[in-house]
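S.K.: Take this structure first; my questions come after.
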Amino acid sequence: MSLPPGFLDELRTRTSLAQVVGRKVTWDMRKSNQGKGDMWAPCPFHQEKTASFHVDDRKGYYYCFGCHAKGDAISFVRETENLGFMEAVEVLAREAGMQMPARDPQAQERAEQRSGLAEVMEQAVQFYRLQLKTAQGAPARDYLARRGLGEDALARWGIGYAPDARHALIGHFKDKGVDPARVVEAGLAIQPDDGGAPFDRFRGRIIFPIRDGRGRAISLGGRALDPNARAKYLNGPETALFDKGRSLYNLQGARTAAGKGQPLIVAEGYMDVIALAEAGFAATVAPLGTAITEDQLRLLWRIAPEPIIALDGDTAGLRAAMRVIDLALPMIEAGQSLRFALMPEGMDPDDVIKAEGPAAMQALLDAAQPMVRLLWRRETEGKVFDSPERKAALDRDLREVIRRIKDPSIRSHYGSEINTLRRELFAPRRAAGWGGAARPRGAPPPALSETKSSLLAAASGEVEEVLREAVILATLITHPALVEQFEPALERLEMSTADHRELQRLLLTHAHDPGVDLKARIEAETGPQLIEKLFSLNHVRIAPALRRHDDTDLAALCLAEELAKLDAARGARREVEEAAGEIGALADEGLTWRLSEAARAREAANRGAAGEDKTHYDRADNGALIAREEKERLEALLREISYAKGDGKTR
């Protein structure tokens, strides 16, 4: 539905973001200033101990300096409650005492349909709960008791029993005056194609309610008691309430537990989830009868940055792990990935807990492997690499896999890790004398990937980037009036060191305080060491904006240039890192030597520029010009890398 103009503005005005966020976090009152609406807390979107999550209640805006989550009250409710946009607006409007605008007739009809189906589903859950306690439910109770589930656990999970009869549920609803078509619409009954009477979908099965993130029953899952049943597990069909590719079993409970610091675990089925949760691993979920989908991965990452996939230690479990890896590779980001805990062969998590206890399960979770290790295992396990052709085929296959990663920095790190594993794979052959002639005494060692990586890092000027950050911070501390002008760029800037991140936080926190002496305020909060360390750097002392601290216009030009040069340098570095991750074993000593020469040439150029008079600050457009020059310095290097990627040769 569309909202009338001004409705959202009024909602944001009436809503206190600090109150909304305060329901999910514990404020750090040492850093917070409640009177000014300046609040700090550990971030609810990722696990951390320090308070890097900032709420500006006056502006109605939040930002995390750790995971970079940001938004307003609506986005916060959407992310933490797993709600749609309009649902989040409705929640906040109710709290603010605002009447929601009338829905369009079709939207109103759909909302009423979902509400009605949820009521039917909840009634079915209660019906099946009662059936578990009858004489017909005795076999189901016996099975559940053998699985270690007592009365309390059955009540917590709402587990029930569907009698082995075609019209048990349909008859129950008919007695209550519920239209059978409604029961069919909820996915609880099946309407025959020949137009005959509907019959129950679940018969002779243990029933597991499936609930959404708000706790509403949206579908059911059933486990057959008959070993000859056509399907051991049966889920309800897709309905207006239930989208199995966007739902997870135990979503609400797992999200609550993960918010309290428990690791998020992904198991294969209902009983694994229940066994893990009952053993103390409450942040456990499972997909619903299908392989994990992209939407489910995004949902998992909204709960925790690095979920642990707990899979059976058999061939099917490994195949499932590989499917998840292939799905996740294009989606991973810095701080957002997966780990894999493989159970002993022939065992699932429930078996591990019953046989060896929760401590054994915890040990398996602690030993969970990163994705890159399972990826390497898939590409190498059971294969023999006893010829150059087979080794080249391995290199080709690994490059193809790594290219699927969109983030260039992660792609680079994957390339480095794979190179390390590759050397470990082939090193024993060389050590045993199978890999060719030994290196002559005194000869230089062959180029390793770490050497290439370090040379690439030097060529990209990471130290120079840190110095540029220092100039930017020192200039803003000296000229606090410029913080508002450069605030968006400062917020987006990813600082390289903990000291710089702390100074960035303090600048953004106190810059708008009227008449504040930023330097004194920072020293009061952190002690004098941080400021002294920053302003003692030669690169900072010779900066024109610091030498002429009474010239605000010059300082603005300096900031614009430093930000432009830093952005250009980091863009070039990302390109180089991307290339480095893909070169793998293709680059030879010749290319490594040229990378070294490129790094030295750049350092020489920078040393030459350091002594020049900074008169170019007098022109406002020189920031962009120098930024272009920074990028052009790496073009020759990138051409070499591109050539090496093409056929593994150097000129």
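The values are calculated or read from the model by the stated rules, or taken from the named source; none is laboratory data. All figures in this text were calculated on a predicted structure; none of them were measured in a lab. A quick note on method: Cβ atoms are made from the backbone with ideal geometry, for glycine too, and the neighbour counts reach across all protein chains shown.
S.K.: Considering only residues that are at pLDDT below 90 and at positive phi, which ones fall in region 256-297?
M.R.: G261, G289 - these are the residues of region 256-297 that are at pLDDT below 90 and at positive phi.
S.K.: Here is a further query. Going by the conditions given, is I303 within 26 Å of P44 (Cβ to Cβ), surrounded by 22 or more Cβ atoms within 10 Å (Cβ to Cβ), modelled with pLDDT under 90 and not basic (K, R)?
M.R.: Values: within 26 Å of P44 (Cβ to Cβ): yes; surrounded by 22 or more Cβ atoms within 10 Å (Cβ to Cβ): yes; modelled with pLDDT under 90: yes; not basic (K, R): yes.
So I303 fits the description; yes.
S.K.: If you go through region 115-132 one residue at a time, do you hit one that is in the same structural domain as S219 (by TED's automatic domain parsing) and not in a helix (DSSP H, G or I)? Spell out how you get there, then give the answer.
M.R.: Looking only at region 115-132, we keep the residues that are in the same structural domain as S219 (by TED's automatic domain parsing), and these are 115-132.
Narrowing further to those that are not in a helix (DSSP H, G or I): none.
No: region 115-132 contains no residue that is in the same structural domain as S219 (by TED's automatic domain parsing) and not in a helix (DSSP H, G or I).
S.K.: Kindly indicate whether any position in region 292-299 is within 18 Å of L144 (Cα to Cα) and not assigned by TED's automatic domain parsing to the domain that holds Q136.
M.R.: As a first pass, look at region 292-299 and keep what is within 18 Å of L144 (Cα to Cα): none.
Within region 292-299, not a single residue is within 18 Å of L144 (Cα to Cα) and not assigned by TED's automatic domain parsing to the domain that holds Q136.
S.K.: Taking the residues in region 310-335 that are within 25 Å of L220 (Cβ to Cβ) and either of a type in the set (S, T, Y) or in contact with a helix residue (DSSP H, G or I) (Cβ under 7 Å, 6 or more places away or on another chain) (or both) as candidates, determine which candidate is modelled with the highest pLDDT.
M.R.: For region 310-335, the residue satisfying everything is A310.
S.K.: Name the pairs: first residue in region 394-413 and without any contact (Cβ under 8 Å) to a residue 40 or more places away in the chain, second residue part of a helix (DSSP H, G or I), Cβ to Cβ under 6 Å, at least 6 apart or on different chains?
M.R.: Correct list of pairs: D397/E379.
S.K.: Among (1) of a type in the set (A, V, I, L, M, F, W, C); (2) over 16 Å from A310 (Cα atoms); (3) assigned by TED's automatic domain parsing to the domain that holds V266; (4) surrounded by 13 or more Cβ atoms within 10 Å (Cβ to Cβ), where does A355 come up short?
M.R.: (4)
S.K.: Confirm whether I292 is of a type in the set (V, I, T) and either within 21 Å of Q47 (Cβ to Cβ) or assigned to a loop (DSSP other than H, G, I, E, B) (or both). Don't jump to the end; show me each part of the working.
M.R.: Working: of a type in the set (V, I, T): yes; either within 21 Å of Q47 (Cβ to Cβ) or assigned to a loop (DSSP other than H, G, I, E, B) (or both): yes.
Criteria met by I292.
S.K.: Moving to a separate point now. Answer with yes or no whether R298 is surrounded by fewer than 18 Cβ atoms within 10 Å (Cβ to Cβ), of a type outside the set (V, I, T) and closer than 17 Å to G269 by Cα. First the steps, then the outcome.
M.R.: Working: surrounded by fewer than 18 Cβ atoms within 10 Å (Cβ to Cβ): yes; of a type outside the set (V, I, T): yes; closer than 17 Å to G269 by Cα: no.
For R298, the condition - surrounded by fewer than 18 Cβ atoms within 10 Å (Cβ to Cβ), of a type outside the set (V, I, T) and closer than 17 Å to G269 by Cα - is not met.
S.K.: Oh, and also: Among the listed residues A320, A291, A279, A304, identify the single one that is touching a strand residue (DSSP E or B) at 6+ places or on another chain (Cβ under 8 Å) and within 20 Å of Y249 (Cα to Cα). Before the answer, list the steps.
M.R.: Numbers: A291 fails: touching a strand residue (DSSP E or B) at 6+ places or on another chain (Cβ under 8 Å); A279 fails: touching a strand residue (DSSP E or B) at 6+ places or on another chain (Cβ under 8 Å); A304 fails: touching a strand residue (DSSP E or B) at 6+ places or on another chain (Cβ under 8 Å).
Only one candidate qualifies: A320.
S.K.: Are any residues in region 377-421 within 23 Å of the chain's Cα centre (by Cα) and either in a loop (DSSP other than H, G, I, E, B) or more than 30 Å from G571 (Cβ to Cβ) (or both), and if so, which ones?
M.R.: R403, R404, I405, K406, D407
S.K.: While we're looking at this one, here's another question. Tell me which residues, restricted to region 361-378, are surrounded by 14 or more Cβ atoms within 10 Å (Cβ to Cβ) and of a type in the set (G, A, S).
M.R.: Listed by number, the list holds a single entry, A368.
S.K.: Next question, about the same structure. Six or more apart or on different chains, Cβ under 8 Å: which pairs go from a residue in region 247-275 that's in the same structural domain as Q296 (by TED's automatic domain parsing) and without any contact (Cβ under 8 Å) to a residue 24 or more places away in the chain to one that's crowded, with 24+ Cβ neighbours inside 10 Å and assigned to a loop (DSSP other than H, G, I, E, B)? Could you list them?
M.R.: Close Cβ pairs (under 8 Å, with a partner that is crowded, with 24+ Cβ neighbours inside 10 Å and assigned to a loop (DSSP other than H, G, I, E, B)) amount to Q262/F281; Q262/A283.
Yes/no per residue for (1) at pLDDT 90 or above; (2) touching a helix residue (DSSP H, G or I) at 6+ places or on another chain (Cβ under 7 Å); (3) surrounded by 14 or more Cβ atoms within 10 Å (Cβ to Cβ):
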{"position": "T380", "(1), (2), (3)": "yes, yes, yes"}
{"position": "A392", "(1), (2), (3)": "yes, no, yes"}
{"position": "R399", "(1), (2), (3)": "yes, yes, yes"}
{"position": "I402", "(1), (2), (3)": "yes, yes, yes"}
{"position": "I405", "(1), (2), (3)": "yes, yes, yes"}
{"position": "S416", "(1), (2), (3)": "no, yes, yes"}
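S.K.: Go over the candidates R166, R182, R230 one by one and state the one that is modelled with pLDDT under 95, assigned to a helix (DSSP H, G or I), surrounded by fewer than 18 Cβ atoms within 10 Å (Cβ to Cβ) and out of contact with any Pro (no Cβ under 7 Å at 6 or more places or on another chain). Steps first, answer last, please.
M.R.: Working: R166 fails: assigned to a helix (DSSP H, G or I); R230 fails: assigned to a helix (DSSP H, G or I).
Only one candidate passes the filter, namely R182.
S.K.: Counting only residues that are out of contact with any Leu (no Cβ under 9 Å at 6 or more places or on another chain) and among the small types (G, A, S), which one in region 325-347 is surrounded by the fewest Cβ atoms within 10 Å (Cβ to Cβ)?
M.R.: Filtering region 325-347 for residues that are out of contact with any Leu (no Cβ under 9 Å at 6 or more places or on another chain) and among the small types (G, A, S), the one surrounded by the fewest Cβ atoms within 10 Å (Cβ to Cβ) comes out as G346.
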